[in-house]
Amino acid sequence: MKSLNELIKGLIKENPAFVLMLGLCPFLAVSVSIANGIGMGVAATFVLVCSNVIISAIKNFIPARIRIPCYIVVIATFVTITELVMKAYSPALNRALGIYVPLIVVNCIVLGRAEAFASKNNVRDSLFDGIGMGIGFTLALLLISGIREFLGAGKLFSLTVIKSFEPALVIAMPPGALLVIALLLGFFNLIKGRK
Amino acid sequence: MNNRLTVLSSPHLHSRESVPRIMWTVVACLIPAGAAGVYLFGMPALRTIAWAAVAAVACEWIIQKLTKKKITVTDGSAIMTGLLLAYNLPADVPFWIPVLGSIFAVAIAKHAFGGLGQNIFNPALVGRAFLVASWPKYLTVFTKPGYDAVTSATPLAMLKEGRLAEQIPYLDLFLGRRAGCIGEVCIVALAAGALFLLIRGYISWHIPASFIATVGIFTYIFGPKGFFTGDWLFHILSGGLILGAFFMATDYVTSPPTARGHLIFGVGCGILTSVIRLWGGYPEGVSYAILMMNAATPLIDRFTKPRIYGTAKRKKATGTGV
C-alpha cells in the first residue's frame, strides 16, 4: 500500500514540475513540441528510476560527506547510456533536445529525489517513487508542450490542426514558456484554493 | 463608513484631483493624435482604435467581475491602455490584432500583477511587445497616408535598410505625412495634447525633455558619416519618440516618482532608444527602451529616495552652519 502511495504522489500531489517546481530548466527549454516533451520526459524518467534504485541500494556504503559526488557518478552513468541510445536510434530527437540531454545529470528532480527520497528509503519504495515522479514530470511536459505547440506553431504532434489559425510565435519562444507555466500554475493554485 | 473619524497627518489640503479625473484628461489629450491618425490613414485606423479600446474595457470588466473585485472600468485607465496600444499599431491590421493585444495588456500586464497601480510594466507597451513577437508580419507592414492600401516602410525602417533615398521634409514628419503607427505620426497633434498635460501639471517636463534631448544628442554625436554628423531632428520627429516620451514614459505607475528619478529614467530611455535605432536589429526602439527602464524603476527609486522632511541633509548640514 505504501509503495502505491509513493507511485501516485508524484502524479498530482507532489508533481515535480507544478508542485515541487523542480527541473524547470529543461522543462521550459524543450517544451516547444509534444515530441520533444515526450522524449525529454521518457529520458528523465529512465534516469530517475535507475538512479533511484541504485542509490537506494548502495546508500549504506556511501560516506555522508561525499554523497553528492557519488549520486552524480551514478546519475551521469545512466544519462550517458540514455544519450548514446538516443544518438543511435533517434538522432533527430537528440538534435532537438541538444544540450538538455547531458544536462539531465544536474536535473534537480533526479538529484532531488536521490537526496530526499532514495537515500532514506528502501529499493522498492525508491523504484515506485522514481516511476511516479517520472510519469508526473512526463505528464506535465505533455501538458505544457501541447499548449505551446498548439498556440505557438498551430500544430499538435507536428500536424496542422486548424488551417486558418495564425499561431502566436511568442509562445514558441522562451518568454512563451514562462508565460504558459505562470498561467498554468495560477490556474492550478486557483483550483487548489477552491477545495 | 462615512461616519468614521479619519485621522491623517498634516498638512491637510483638499485636492479635486482623482484617478478617474487624471485618466480621462489623458484620454482627452490623446484624442487629437488619434483623430489625426484617422484623417491620415482613413477608416481602418478608426476601426483598429475602436477594437482596441472596446476589448480593453470589456476585458477589465470581465476580470473584475470574475475575481469579484470592485468594478473600476469607468476610471478611464482601461480605455487609455486600449488607446495607447492602438496608437502603437499600424492602421491596417486584422481586427483580432488589437483585440488580442488589449486582452494581453489588461489581463496579463495589468491584472495578473494586481491591477491599476501594481503593474511593473506599461500595459499598452507589453501588449505591443506581445503582438510584435507573435505576429511580426502584420506589425511591420505600414500603409502610406493618403494612398489606400499602398504599403510603405517607415522612415526609420528605410534609414535602417539604407533606402532613405531622399530627405523627407521635416514639415511632412511634423504633420505626420509618413508611414507609421496610427498615433505616432502627427507630431503637432501629440504636442498639443502633451502641452495641455504639462500645463495642468499632470506630467512633469523631466522625463519627456531628458528622453527627447538624449535621443537628439546621441543620434547627433553618432552620425552616419562620423562623429557629430547625425540628423538629430529626423530622429526626434520620426518613430514613436514623441508619443512614447510624453504619454507612455510618463505613466505614473511604472516610472519613478521624484524629479531626479525622472531625469535618470528619461536619459536611460533616450540612450536605449538611440542604441536600438543605430545598432540594434529593429528600426525603432522606443517601446523596448521604455519597457527596459520600467524594469529599472525600482532600482532608480532606491537611489533617489527623497530626504524625509525635517531631517538634516546628510553631509553638508554641519559643515556650512558653523
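Here, each number is a calculation from the coordinates, and none is a lab measurement. Nothing here was measured: the structure is a model prediction, and the numbers come from that model. Cβ coordinates were reconstructed from backbone atoms using ideal geometry, including for glycine residues, and neighbour counts include every protein chain displayed.
Annotations for the structure displayed:
- Going from the residue with the fewest nearby Cβ atoms within 10 Å to the one with the most, A:D125, B:D172 rank B:D172, A:D125.
- Table column - 3J(HN,Hα) (Hz), the stretch B:16-22, Karplus curve with 6.51, -1.76, 1.60, x for Gly and Pro: 7, 6, 8, 4, x, 4, 5
- Rounded FRET efficiency, nearest 0.05, which uses the C-beta distance separating B:K137 from B:R177 and R0 of 41 Å: 0.95
- Residue pairs exceeding 31 angstrom between C-alpha atoms, taken from A:K155/B:K70; B:K144/B:K225; B:K110/B:K137; B:K225/B:K305; A:K13/A:K87: A:K155/B:K70; B:K225/B:K305; A:K13/A:K87.
- Packing order of peptides B:50-61, A:161-172, highest average first: B:50-61, A:161-172 (average count of other Cβ atoms within 10 Å over each peptide's residues).
- Gyration tensor (alpha-carbon) shape descriptor, the stretch A:77-195, a/c threshold 1.5: oblate
- Cβ-Cβ FRET estimate between A:I81 and A:L103, R0 fixed at 25 Å, reported to 0.05: 0.95
- R0 of 60 Å, Cβ-Cβ distance B:S204-A:E115: FRET efficiency to nearest 0.05: 0.65
- Within the shell of other residues whose beta carbon sits under 11 angstrom from the beta carbon of A:N121, the net charge comes to +2, with Lys and Arg scored +1 and Asp and Glu -1.
- Sequence-distant residues sharing a close amide H with B:G223 (under 5 Å, placed H): B:F228, B:T229, B:G230
- Inter-centroid distance (Cα atoms) of the stretch A:66-111 relative to the stretch A:130-157, Å: 19 Å
- Net charge of Cβ neighbours under 13 Å - reference B:A52; Lys, Arg +1; Asp, Glu -1: +1
- Cα gyration tensor, chain B - rounded (a/c under 1.5), prolate or oblate: oblate
- B:F142 long-range amide H proximity, modeled H, under 5 Å: B:S152
- Length gained on full extension, B:A259 to B:M43, computed as 0.36 nm times the residue gap minus the Cα-Cα distance: 73.7 nm.
- In sequence order, the stretch B:72-80 has phi-based couplings of 10, 5, 7, 7, x, 6, 5, 5, 5 Hz under the Karplus curve 6.51 cos²θ - 1.76 cosθ + 1.60, θ = phi - 60°, and Gly or Pro positions carry x.
- Difference of contour (0.36 nm per residue) and Cα-Cα distance, A:Y89 to A:I58: 8.0 nm
- Peptide A:162-169 shows a mean partner chain C-beta count of 3 within 10 Å per residue C-beta.
- Additional length obtainable on full extension of the chain from B:V150 to B:A191, 0.36 nm per residue less Cα span: 12.0 nm
- Between B:K68 and B:S9, the distance separating the two model label sites (each 7 Å from Cα on the Cα→Cβ line) works out to 3.6 nm.
- Here the Karplus relation 6.51 cos²θ - 1.76 cosθ + 1.60, evaluated at θ = phi - 60°, turns the backbone of the stretch B:89-94 into coupling constants of 10, x, 5, 9, 10, x Hz, with x for every Gly and Pro.
- Helices of chain A meeting both criteria, an alpha-carbon length of 30 angstrom or more along the long axis and an average Kyte-Doolittle score not below 1.0, with helices taken as full DSSP H segments, are A:34-58, A:67-89, A:123-153, A:174-194.
- Under-5 Å amide H pairs with A:L156, H placed in peptide plane, nonlocal only: A:V161
- Residue-count net charge about A:C70 - beta-carbon cut-off 14 Å; Lys, Arg +1, Asp, Glu -1: +2
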